[in-house]
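Contents: one structure, followed by commentary.
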Amino acid sequence: MRKLRKLLTHTTWIMILIYACSIVVPKDCYIKVIYAAEEVTTNEIITGSESTTDNEAVINDEASTSREATTANETVTDKSRKDNEEVTETKDATDSKTTTDNIETAGQQSDVSLEISSPCAILIEPTTGTIIYEKNADEVRPPASVTKIMTLLLTFDAIDDGRISLTDEVVTSEHAASMGGSQVFLETGEIQTVETLIKCISVASGNDACVAMAEYIDGSEQEFVNSMNERASALGMSNTHFVNCCGLDADGHVTTARDISLMSRELILKHPEIFEYCSIWMENITHVTRRGSSEFGLANTNKLLKQYEYATGLKTGYTSIAKYCISATARRDGLDMIAVIMGADNYRIRTKEAIELLNYGFANTSIYKDDDNNREKLLPVDILNGIKEQIVVGYKENFSYLTIGKNSGEITKSIDINESIKAPVKTGDVLGKLTYYMGDKEIGTVDIIALEDVRCMRYLDYLKMLFKKCIEF
């Protein structure tokens with residue numbers, strides 16, 4: 001009985017304490033405590049997933065992961081990777097929207113100054129090559145996987161030249177399979193098509209796929225790297241030197257923001273089909289090896305594709321030395337931009353500042369384009385001493401002019417064709433020019449060229465012409 005009385009006394013005191021707490025502590029405090037706990041949990045999840053969000057966020061000097069371990073855990077790993085991307089992507093998208101809205105508001109003022117914290121950056125309009133913004137654009141730095149833009153450029157060059165085709169089958173060498181860093185886990189002897197390897201490079205940034213492609217095109221990675229450096233030199237990339245084809249950190253493997261913009265411009269203008277590949281968000285490929293076939297998921301390393309509505313490509317990069325880099329392309333209302341960021345401290349800054357550059361470009365520029373769809377059609381012109389009395393002519397190229405800031409006037413044009421054109425004339429010979437003016441200022445010209453060959457009249461030709469006239473008479 002005494003024990004029961006004691007228990008009831010304790011129970012009474014506990015109830016009194018609970019009642020007192022309910023009076024002293026407001027109900028919303030409990031809610032705030034719960035919300036705070038949720039925020040801590042969410043932050044822990046996001047922080048833990050940052051290192052896996054970008055497939056390239058790997059220290060590229062680590063040893064290549066064995067395929068045996070990967071195959072055993074492939075399903076779990078792929079699901080985990082996708083879950084991590086979804087958690088991070090949700091928060092990133094929210095952050096990005098706020099940033100985008102702020103930048104668009106500021107960008108409407110043409111005199112707004114950009115504050116880019118990354119060491120090096122440049123913004124250009126590709127059709128004209130006009131530089132809109134630059135910061136330390138000629139500072140030499142390692143480019144990480146942005147290197148792969150040149151690898152893709154040479155790959156599409158080889159396709160255009162007929163040296164390779166998209167359906168060609170490429171055998172993975174032991175050297176290619178041994179690549180560390182970001183990879184798609186190709187095995188020695190594994191066969192993939194050229195098109196599949198292009199996806200592995202442009203979407204998942206596979207180092208092993210880069211080397212396999214390089215060896216297929218030029219016989220060895222070193223020969224391919226020689227071709228990369230020759231192509232870079234031809235493009236005027238005077239501060240660039242490649243040591244490998246995938247962007248692994250190596251002594252002397254360097255470039256600049258300006259040079260990256262040059263090779264990016266060449267790739268998207270000469271091979272616009274690249275956008276079909278670098279805009280893929282996720283896609284599966286099939287590994288066929290001695291153990292059978294298995295699916296492998298490619299996830300795009302360029303998060304701008306989901307966070308920026310005007311994004312079209314191009315390539316991201318990361319190593320512990322190069323830090324976070326990107327060459328980002330976007331299009332709005334027919335206007336294209338290329339933004340390059342090098343050496344950002346983290347991928348959030350890389351994404352945020354690439355968006356800032358692109359928005360600034362779209363808000364503060366306008367482009368005038370003139371092509372065969374909207375300019376005067378040229379009639380055949382007279383030619384002297386030729387086998388024909390007239391020659392067909394045309395414009396050599398399209399014309400674009402970028403205006404930065406306030407438009408300073410209407411653009412007019414004037415055609416001037418040589419009055420006395422004499423045979424012989426070959427296709428491509430310049431016979432005149434189309435000149436563009438903004439007000440009284442000349443802003444550019446386009447050559448007017450011959451679209452056919454016309455040779456000189458010979459003695460026999462004169463006889464034939466005389467004979468024809470006699471018959472007509």
Legend entry - Cβ pairs under 9 Å, 6+ apart, first in region 284-313 and more than 13 Å from Phe185 (Cα to Cα) and at pLDDT below 95, second part of a strand (DSSP E or B) and of a type in the set (D, E, K, R): Thr301/Lys315
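Give the number of residues within region 241-291 that are within 13 Å of the chain's Cα centre (by Cα) and not hydrophobic (A, V, I, L, M, F, W, C).
At the first step, the residues of region 241-291 found to be within 13 Å of the chain's Cα centre (by Cα) are 260-269, 271-280.
This time we only want the ones that are not hydrophobic (A, V, I, L, M, F, W, C), so: 261, 264-266, 271-273, 276-277, 279.
So the count comes out to 10.
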Legend entry - Looking only at region 440-459, and only at residues there that are surrounded by fewer than 13 Cβ atoms within 10 Å (Cβ to Cβ) and more than 24 Å from Thr427 (Cα to Cα), the one that is modelled with the highest pLDDT: Glu442
Inset, instruction - Could you tell me whether any residue of region 414-434 is of a type outside the set (Asp, Glu), touching an Asp or Glu at 6+ places or on another chain (Cβ under 6 Å) and surrounded by 13 or more Cβ atoms within 10 Å (Cβ to Cβ)? - result: yes
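For Glu134, state whether it is assigned to a loop (DSSP other than H, G, I, E, B) and over 23 Å from Ser227 (Cβ atoms). Give the steps one after another, and end with the answer.
On the way: assigned to a loop (DSSP other than H, G, I, E, B): no; over 23 Å from Ser227 (Cβ atoms): yes.
When the stated conditions are applied, Glu134 does not pass them.
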Inset, instruction - Please state which of the following conditions Leu357 fails to meet, knowing it meets all the rest: (1) closer than 30 Å to Ala311 by Cα; (2) out of contact with any Leu (no Cβ under 6 Å at 6 or more places or on another chain); (3) of a type in the set (A, V, I, L, M). - result: (2)
Legend entry - In region 343-364, residue farthest from the chain's Cα centre (by Cα) [restricted to those that are surrounded by 19 or more Cβ atoms within 10 Å (Cβ to Cβ) and of a type in the set (S, T, N, Q)]: Asn364
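Rundown of residues vs (1) modelled with pLDDT of 95 or more; (2) more than 27 Å from Leu357 (Cα to Cα); (3) touching a Cys at 6+ places or on another chain (Cβ under 8 Å); (4) surrounded by fewer than 24 Cβ atoms within 10 Å (Cβ to Cβ), yes/no style:
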{"position": "Val211", "(1), (2), (3), (4)": "yes, yes, yes, no"}
{"position": "Ala214", "(1), (2), (3), (4)": "yes, yes, yes, no"}
{"position": "Gln222", "(1), (2), (3), (4)": "yes, yes, no, yes"}
{"position": "Arg231", "(1), (2), (3), (4)": "yes, yes, no, yes"}
{"position": "Gly236", "(1), (2), (3), (4)": "yes, no, no, yes"}
{"position": "His241", "(1), (2), (3), (4)": "yes, no, no, yes"}
{"position": "Gly252", "(1), (2), (3), (4)": "yes, yes, no, yes"}
{"position": "Arg265", "(1), (2), (3), (4)": "yes, no, no, yes"}
{"position": "Glu276", "(1), (2), (3), (4)": "yes, no, no, yes"}
Inset, instruction - Quick one: in region 160-175, of everything that is among the aliphatic types (A, V, I, L, M) and over 24 Å from the mean Cα position of the chain (by Cα), which residue is surrounded by the fewest Cβ atoms within 10 Å (Cβ to Cβ)? - result: Val171
Legend entry - Hits in region 265-290 - residues which are in a helix (DSSP H, G or I) and either within 17 Å of Thr193 (Cα to Cα) or not aromatic (Phe, Trp, Tyr) (or both): Arg265, Glu266, Leu267, Ile268, Leu269, Lys270, Ile274, Glu276, Tyr277, Cys278
Legend entry - In region 302-318, the residues that are touching a Ser or Thr at 6+ places or on another chain (Cβ under 6 Å), under 12 Å from Ile341 (Cα atoms) and hydroxyl-bearing (Ser, Thr, Tyr): Thr316
Inset, instruction - Scan Gly428, Gly361, Gly409, Gly394 and give me the residue that is in a loop (DSSP other than H, G, I, E, B), out of contact with any Gly (no Cβ under 6 Å at 6 or more places or on another chain) and either of a type outside the set (D, E, K, R) or farther than 30 Å from Lys303 by Cβ (or both). - result: Gly428
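Residues are listed down the side, and each one gets a yes or a no for (1) within 25 Å of Ile124 (Cα to Cα); (2) of a type outside the set (A, V, I, L, M); (3) over 43 Å from the mean Cα position of the chain (by Cα); (4) assigned to a loop (DSSP other than H, G, I, E, B):
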| position | (1), (2), (3), (4) |
| --- | --- |
| Asn373 | no, yes, no, yes |
| Thr403 | yes, yes, no, no |
| Glu419 | no, yes, yes, yes |
| Leu434 | no, no, no, no |
| Tyr437 | yes, yes, no, no |
| Lys468 | no, yes, yes, no |
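When the residues of region 194-209 are narrowed to those that are assigned to a helix (DSSP H, G or I) and among the small types (Gly, Ala, Ser), which ends up surrounded by the most Cβ atoms within 10 Å (Cβ to Cβ)?
This residue is Ala209.
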Legend entry - Qualifying positions in region 368-392 - over 14 Å from Asn418 (Cβ atoms), without any contact (Cβ under 8 Å) to a residue 60 or more places away in the chain and of a type in the set (D, E, K, R): Asp371, Asp372, Arg375, Glu376, Lys377, Glu389
Inset, instruction - For region 439-454, name all the residues that are in contact (Cβ under 8 Å) with a residue 12 or more places away in the chain and either assigned to a loop (DSSP other than H, G, I, E, B) or not polar (S, T, N, Q) (or both). - result: Gly439, Ile443, Gly444, Val446, Asp447, Ile448, Ile449, Ala450, Leu451, Glu452, Asp453, Val454
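The values are calculated or read from the model by the stated rules, or taken from the named source; none is laboratory data. Since this is a predicted model, take the numbers as computed values, not measurements. Note that each Cβ is placed from the backbone with ideal geometry, even for glycine, and that neighbours are counted across all protein chains shown.
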